[in-house]
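**Q** This is the structure I want to talk about, given as structure tokens.
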Amino acid sequence: MCSERKSETERKRGKLIVVSGFSGAGKGTLMKGLLEAYPGQYVLSVSVTTRSPRDGEVDGVNYYFKTQEEFDRLISEDYFIEYARYVGNSYGTPGPLVEQNLEAGRNVILEIELQGALIVREKCPDARLIFVTTKDADTLIDRLTGRGTETEESIRKRLTQAVREADGVEHYNYILINDDLNGSIRRLHEAIQSPEDSASSKQDLAIICSIQSELKRRLSI
Ligand code: ADP
Ligand code: 5GP
């Protein structure tokens, strides 16, 4: 899907942006804020998932909610750019819609987890990969718990997954500490627009390491 050809049309394609991060770090909130703050500048890809809708989630808006059988059929039809398992469910990015938007010159954001992000990076080396985190483990746990959408078991699994995801942070172009929401939305926009690869600072990497060790300690893993 990401041709290397540099034709006139190719140069006008939209940017592909991947946003990942710990569950509860605030990715969904940031996406909503980004779309509202910069209307018309971004399109958020709607993924397919086999997980059940949360209260208030709408089919076709937050996700396309499918059974595992339907999901497997879409895999066999080569419908996804990437797909992955996450905490017992399948998630995938629909290829045709993303391609149409990029082709039309729109900047497309994929809010996906690490395994999917790495597949996108392979297929589209120009994609910008951004990793969202809280400033510390306490804030992450508070947000994930405070959201009120997960069972205790799901929280534990998501935090265990966060420990694994922390190891993949080196693959990302930019680490975004989601502290003050409006400031974070602005920095996210700037990180996407910046033509330079803003390598993650040592301080940001240290934050990820510290969250990882604290979660390991709390989960006794
Ligand atoms: P994710 O999509 O990364 O799992 P959410 O966007 O659902 O995370 O956010 C988790 C919780 O944290 C939500 O209750 C949300 O309102 C809250 N939240 C998100 N960003 C911030 C922020 N910058 N400051 C305070 N609370 C936040
Ligand atoms: P949630 O269940 O909290 O909505 O999402 C769980 C995880 O799945 C999050 O890290 C989210 O970014 C990721 N995710 C959502 N859609 C996709 C997708 O299409 N592909 C992949 N690989 N991950 C996704």
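The values are calculated or read from the model by the stated rules, or taken from the named source; none is laboratory data. As the structure is a prediction and not an experimental result, all values here were calculated from the model. Reconstructed Cβ throughout: ideal geometry from the backbone, glycine too, with neighbour counts over all protein chains shown. Calculation scope for accessible area: heavy atoms of the full protein, side chains included, ligands and nucleic acids excluded. Shrake-Rupley method; radii C 1.70, N 1.55, O 1.52, S 1.80 Å.
**Q** For Gly148, are the conditions met, namely being farther than 14 Å from Val19 by Cα, within 16 Å of ligand 2 (Cβ to nearest atom) and either surrounded by fewer than 19 Cβ atoms within 10 Å (Cβ to Cβ) or of a type in the set (Phe, Trp, Tyr) (or both)?
**A** Numbers: farther than 14 Å from Val19 by Cα: yes; within 16 Å of ligand 2 (Cβ to nearest atom): yes; either surrounded by fewer than 19 Cβ atoms within 10 Å (Cβ to Cβ) or of a type in the set (Phe, Trp, Tyr) (or both): yes.
Considered against the rule, which asks whether it is farther than 14 Å from Val19 by Cα, within 16 Å of ligand 2 (Cβ to nearest atom) and either surrounded by fewer than 19 Cβ atoms within 10 Å (Cβ to Cβ) or of a type in the set (Phe, Trp, Tyr) (or both), Gly148 comes out as yes.
**Q** So, one more: Restricting the search to region 151-173, which residues are over 16 Å from Leu118 (Cβ atoms), without any contact (Cβ under 8 Å) to a residue 60 or more places away in the chain and open to solvent by 30 Å² or more (accessible area, probe 1.4 Å)?
**A** Passing the criteria: Thr151, Glu152, Glu153.
**Q** Quick check on my filter: what residues within region 30-63 are open to solvent by 70 Å² or more (accessible area, probe 1.4 Å) and assigned to a strand (DSSP E or B)?
**A** The one that is open to solvent by 70 Å² or more (accessible area, probe 1.4 Å) and assigned to a strand (DSSP E or B): Asp59.
**Q** Could you tell me how many of the residues in region 74-122 are in contact with a Gly (Cβ under 6 Å, 6 or more places away or on another chain) and within 16 Å of ligand 1 (Cβ to nearest atom)?
**A** Number satisfying all stated conditions: 2.
**Q** So, one more: If you take the residues in region 120-141 that are farther than 18 Å from Lys216 by Cβ and in a helix (DSSP H, G or I), which one is least open to solvent (accessible area, probe 1.4 Å)?
**A** Checked region 120-141; the qualifying residue least open to solvent (accessible area, probe 1.4 Å) is Val120.
**Q** So for region 167-190 (the condition being closer than 16 Å to Gly28 by Cβ, within 13 Å of ligand 2 (Cβ to nearest atom) and hydroxyl-bearing (Ser, Thr, Tyr)), does at least one residue qualify?
**A** No: zero hits.
**Q** Still on this structure, please answer the following. Take Gln115 and tell me if it is near ligand 2 (Cβ under 9 Å from one of its atoms), part of a helix (DSSP H, G or I), of a type outside the set (A, V, I, L, M) and surrounded by fewer than 19 Cβ atoms within 10 Å (Cβ to Cβ). Explain how you work it out, then say what you get.
**A** Working: near ligand 2 (Cβ under 9 Å from one of its atoms): yes; part of a helix (DSSP H, G or I): yes; of a type outside the set (A, V, I, L, M): yes; surrounded by fewer than 19 Cβ atoms within 10 Å (Cβ to Cβ): yes.
So Gln115 passes the test.
**Q** If you go through region 47-100, how many residues are more than 26 Å from Phe22 (Cβ to Cβ) and in contact (Cβ under 8 Å) with a residue 60 or more places away in the chain?
**A** Residues in region 47-100 being more than 26 Å from Phe22 (Cβ to Cβ) and in contact (Cβ under 8 Å) with a residue 60 or more places away in the chain: 2 in total.
**Q** Restricting to region 98-112, name every residue that is farther than 11 Å from Met1 by Cα and either in contact with a helix residue (DSSP H, G or I) (Cβ under 6 Å, 6 or more places away or on another chain) or open to solvent by less than 50 Å² (accessible area, probe 1.4 Å) (or both). Spell out how you get there, then give the answer.
**A** So the first thing to find is which residues in region 98-112 are farther than 11 Å from Met1 by Cα, and the list is 101, 104-112.
If the condition is that a residue be farther than 11 Å from Met1 by Cα and either in contact with a helix residue (DSSP H, G or I) (Cβ under 6 Å, 6 or more places away or on another chain) or open to solvent by less than 50 Å² (accessible area, probe 1.4 Å) (or both), then Asn101, Gly105, Asn107, Val108, Ile109, Leu110, Glu111, Ile112 are the ones that fit.
**Q** Going through region 13-29 one residue at a time, which ones are closer than 16 Å to Asn178 by Cα, small (Gly, Ala, Ser) and not in a strand (DSSP E or B)?
**A** Within region 13-29, Ser23, Gly24, Ala25, Gly26, Gly28 qualify.
Yes/no matrix, rows are residues, columns are (1) within 11 Å of ligand 2 (Cβ to nearest atom); (2) closer than 26 Å to Ser213 by Cβ:
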position	(1), (2)
Phe80	yes, no
Ser90	yes, no
Leu102	no, no
Ile141	no, yes
Arg158	yes, yes
Gln161	yes, yes
Glu165	yes, yes
